[in-house]
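In what follows, a single structure is set out as structure tokens and then discussed.
The values are calculated or read from the model by the stated rules, or taken from the named source; none is laboratory data. All values reported here derive from a predicted model rather than from experimental measurement. Cβ placement follows ideal geometry from the backbone for every residue including glycine, while neighbour counts extend to all protein chains displayed. Just the protein is used for accessible areas: all its heavy atoms, side chains included, with ligands, DNA and RNA removed. Shrake-Rupley method; radii C 1.70, N 1.55, O 1.52, S 1.80 Å.
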Amino acid sequence: MRTRGYIEKFMEENKCITIKNLNLYYGDNHALKNINMDIFKNKITAFIGPSGCGKSTLLRCLNRMNDLIETCRIEGNIEVEGFASQIYDKSIDVNALRKSVGMVFQKPNVFPMSIFDNIAFGPRTHGIKKKPELQAIVEDSLTKAGIWNEVKDNLKKSALALSGGQQQRICIARALAVQPEILLMDEPTSALDPISTGIIEDLCDQLKKNYSIVIVTHNMQQALRIADRTAFFLLGEMIEESKTVDLFNRPQTEQCERYITGKFG
Amino acid sequence: MSTMRVGETGLALRDTKRQNMQKMTGATIKWTLFVATIFSLFALLMIVLFLLYRGIPAMADIGFFKFLFGTTWDSPSSQYGILPALLGSLYVTALATVMGVAIGVFSAIFLHRFCKKRFVGPIVQAINILAGIPSVVFGIFGLLVVVPFIQNNLSPDVEGHGILAASIILSIMIAPTVISISLNALKSIPKELFEGALALGASIPQAEFCVVVPAAKGGILAASVLSIGRAIGETMAVMMVIGGDHEIPKGLMQSINTMTALIAGEAREAGGLWLEALIATGILLFVFSLVINFVFMRIRAKVDYRFSMRSKKKNRSPMETLAKSLSVTVLGVGKAMDSDHAKPSVDLSKLFFVDHETKKSNRKKIKFDVLKVLSCVGAGITLVFLASILVFIAKQGVSSLSWHFLFGEYSVDNPSIKPALLGSAYLILISLLIAVPIGIAAAVYMSEYMSRRSKFIKYLRMSVETLASIPSIVYGLFGYILFGSIFGWGYSFLGAGITLAIMVLPGIIRTTEEGLLSVHNMYREGSFALGASKARTTFRVVVPQAASGILTSVILAIGRVVSESAVLLLTLGLVPGALPDTMGPGTSMALDIFYFATQNKEGQAAAAATVLILFVVVINLGATQLAKLLSRKTK
């Protein structure tokens, strides 16, 4: 790791997630090994690395989606801003956590309902019943996700009728509708064509003004294009983490250098 | 870090209160579902315990060996030897299975490879109709067509009832199941295998019979085992043509008895030790179905293991879903047909050997051409029987169909099926009101709330499947004694409805669970990621997507309730003309057919059968269309 300069010290104050000594096992498989890192506020952090290196697993730890996997065992601490204790503590309400740490998945998973109901699902979950209030949230979220103009006349239509890229933006809007602080994105563009990918990348760039974004990507160019910070993973370990430009221009470790220059992976 | 974020709008303020409420309702929902699951399990236990509790002492009283190996069944002298009926069941089942599986497998091969593509769809539809024909209709067809045919053409000195007639009828009854499961198994074999064989110089029949059929043998075997289970448990159709003499089966034309026919025929008059001897017979039937079910599950596990490469994501077509659910509900099969993405390990060189000597090779090819002809014959037999059943019933029945017959007032001289129509409707109402909520709740609990890796869920599924494989006459016997004598209700719609509810419950659970399990996990994750609770995710996201499966299961249950006759004979009595009354005896469509047939009112029997078949066909078509409609809506 690089020595921390003044700028880094300043950024540290602005971190929204702190991961300490995190180990994760799937049965006997030691999938994440002693991860320590910070995620910063209003920045885009990219996780890169070859398939099976644990980057998606780590992402799913941050909103406890790994709870759904029965063989999964987690040691260590993850602290998320706004929560009194670390998120795997018994006192944490996992639904409240997921509300403030939203997630967008690899494959667009819009529910088979209308566009409106998709966006309103989250707010309704958290107790908003009044139609005008819901309408305001739906419009606001769709606008933030940059898709309002495309769908505003068809809110009653099934979300499944939209294209893949549009569906993914619906998913982003749906995540935004519960007013999260942090947005996790698990390879959100890997199922999309280049044009939709470009739209989503631009969207991420705008969203970071209000949200902290963690994005898992297979595409190094994508990390270079949009991420402020990048973490490189290999075989369950975090090898290197720094500002994106630094990581790509002056990698500190040999593994990372070999990976970003395409020599393995 | 601060506990509460600043700048949150109304959302945060409502949080704590809502969370507590959510937790409470979540727990309530979970407990309700759990209770439904336990209730379903309890129903199974109750039947088993009841059988053992009443049957074992009877066996002891009669003497275990005397019961199993005695040849006399005579109530005045209290001798109850089950051997003739036991052998009769085995004899008829063996014959029927051999014929039915042969016809079925060859038909499936025909449909898979040799049939012109545009005829496949209609033929499969026709076979689905055959699968939906109630057993009592097969019974009257046997009684009015097969029995006289045997009498007139084969053995003038015997009356025609007996082993041969029963086996023929049973083999037609099991053929559709064998066809649909085998066809699915064959379809699941990748076509590369077939093409590989062709590329080595095999003829089309040779490739089919040497490579594709052996590769699908797991599914075909499962189909056969399943059909054994159905044959041994079949009651009404067998009872109507078997003859009913308590004799050791020796010849093909002999009139004998089977265990199911014995129970259905005598339970209503029996009392005391006689009745308990029949319950002991029920135990035997139960043991047989257990063994068959166990063998079936073992085969299926093997097939599944081989096919474990298949992708779970693949969406089934509505028709496949229906065919699958049909077999799930009616027969208890599930995964045997599940082999969409088969990766069978077939060693081409071993199975398939190309001979370079032309003569030999030609002879070999001729052998396969013969097999090809046989497969056409198999399909021919199936279709001829289907056509003759439908034509016979329609021809006999149409002349008796009239407005009065359908909706007029019942009288002995001028009967109508109005009471039966109302009775069937009432039975559907009672049984579904009980079975649908419990079944769906149990299925939701099993698929959404239980750990998918736990041992308990495995045993629970096994119990449900066992419950589904119990012959319906055993349910009938259970209802007859529990509601009829222990509760003192006599024959009643309520008792019959509850018995039917228990009978259709496992099918509803299985089909619903299949539907729920087929909902992709990404939707659950999507909902959880928004902070939705378990209950909300389950009921707002998962269950609506499984709606088509759930509805299909309900419709299939309706079909089963209207077709059922053996259970009703023991629980509802058979009082033609009696209008539905919750605590009174009555009649149903299937019972009326049986009644008319035994009263030599062939026209009326056929007319009622026409109505019933039409109803069942409409129900099955309805289920298909509904499944299509719903799947289009969600796609």
Label point at A:Glu70 placed 7 Å out along Cα→Cβ; residues across segment B:494-517 whose backbone nitrogen lies under 18 Å: B:513-517
Shape of chain B, Cα gyration tensor, a/c cut at 1.5: oblate
Calculated FRET value between B:Leu422 and B:Asp245, using beta carbons and R₀ = 35 Å, to 0.05: 0.40
Net charge dipole size for segment B:362-521 [Lys, Arg +1 and Asp, Glu -1 on Cβ; Debye, nearest 20]: 1120
Residue-by-residue Karplus 3J(HN,Hα) for segment A:89-99, coefficients 6.51, -1.76, 1.60, Hz, glycine and proline x: 6, 4, 6, 7, 7, 5, 5, 5, 4, 5, 5
Rounded to the nearest 10 Å², the accessible area of A:Arg250 at probe 1.4 Å: 130
Helical segments meeting 18 Å axial Cα length and Kyte-Doolittle -0.5 threshold in chain B (DSSP H): B:15-62, B:83-109, B:117-132, B:163-187, B:217-233, B:272-306, B:358-398, B:418-444, B:455-469, B:493-517, B:547-563, B:602-634
5 angstrom amide H check on B:Asp245, placed H, neighbours 5+ away: B:Ile256, B:Asn257
Bins of 5 Å from zero: percent of alpha-carbon pairs in segment A:180-265: 3, 13, 24, 24, 18, 13, 4, 0
For B:518-529, mean number of other protein chain Cβ atoms within 10 Å: 6
Where segment A:191-265 is the region considered: accessible area per residue in Å², 1.4 Å probe: 49
Estimated FRET transfer efficiency when R0 is 51 angstrom, pair B:Asn521-B:Phe69 (beta carbons, to 0.05): 0.40
Largest-first ordering by accessible area, 1.4 Å probe, given options A:Glu133, B:Glu192, B:Glu465: B:Glu192, A:Glu133, B:Glu465
Estimated FRET transfer efficiency (B:Glu269, B:Ile56; beta-carbon r; R0 25 Å; 0.05): 0.65
Computed label-point distance, nm, for sites A:Lys41 and B:Ala394 using a 7 Å Cα→Cβ extension: 7.8
Exposure ranking of B:Arg461, A:Arg64 by accessible area [1.4 Å probe, largest first]: B:Arg461, A:Arg64
Accessible area that becomes buried as A packs against B, both chains, 1.4 Å probe, Å², nearest 100: 3400
Built amide H within the under 5 Å cut-off of A:Val214, gap 5+: A:Thr45, A:Leu183, A:Leu184, A:Met185
Relative contact order %, chain B, counting alpha carbon pairs below 8 Å whose residues are six or more apart: 20
Built amide H within the under 5 Å cut-off of A:Lys15, gap 5+: A:Lys41
Mean separation of Cα contacts under 8 Å (6+ apart) over length of chain A, as relative contact order %: 27
Candidate residues B:Ile283, B:Ile129, B:Ile486: accessible-area rank, largest first, probe 1.4 Å: B:Ile486, B:Ile129, B:Ile283
At least 30 Å² of accessible area lost relative to the chain alone, listed for segment A:86-106 with a 1.4 Å probe: A:Asp93, A:Asn95, A:Arg98, A:Lys99, A:Phe105
B:Lys302 accessible area, 1.4 Å probe, all protein chains in place, Å² to nearest 10: 150
Estimated [θ] at 222 nm from DSSP helical runs (n ≥ 4, -39500 (n - 2.57)) normalised by residues in chain B, nearest 500: -22500 deg cm²/dmol
Segment B:408-452 - percent of accessible surface contributed by carbon and sulfur, probe 1.4 Å: 68
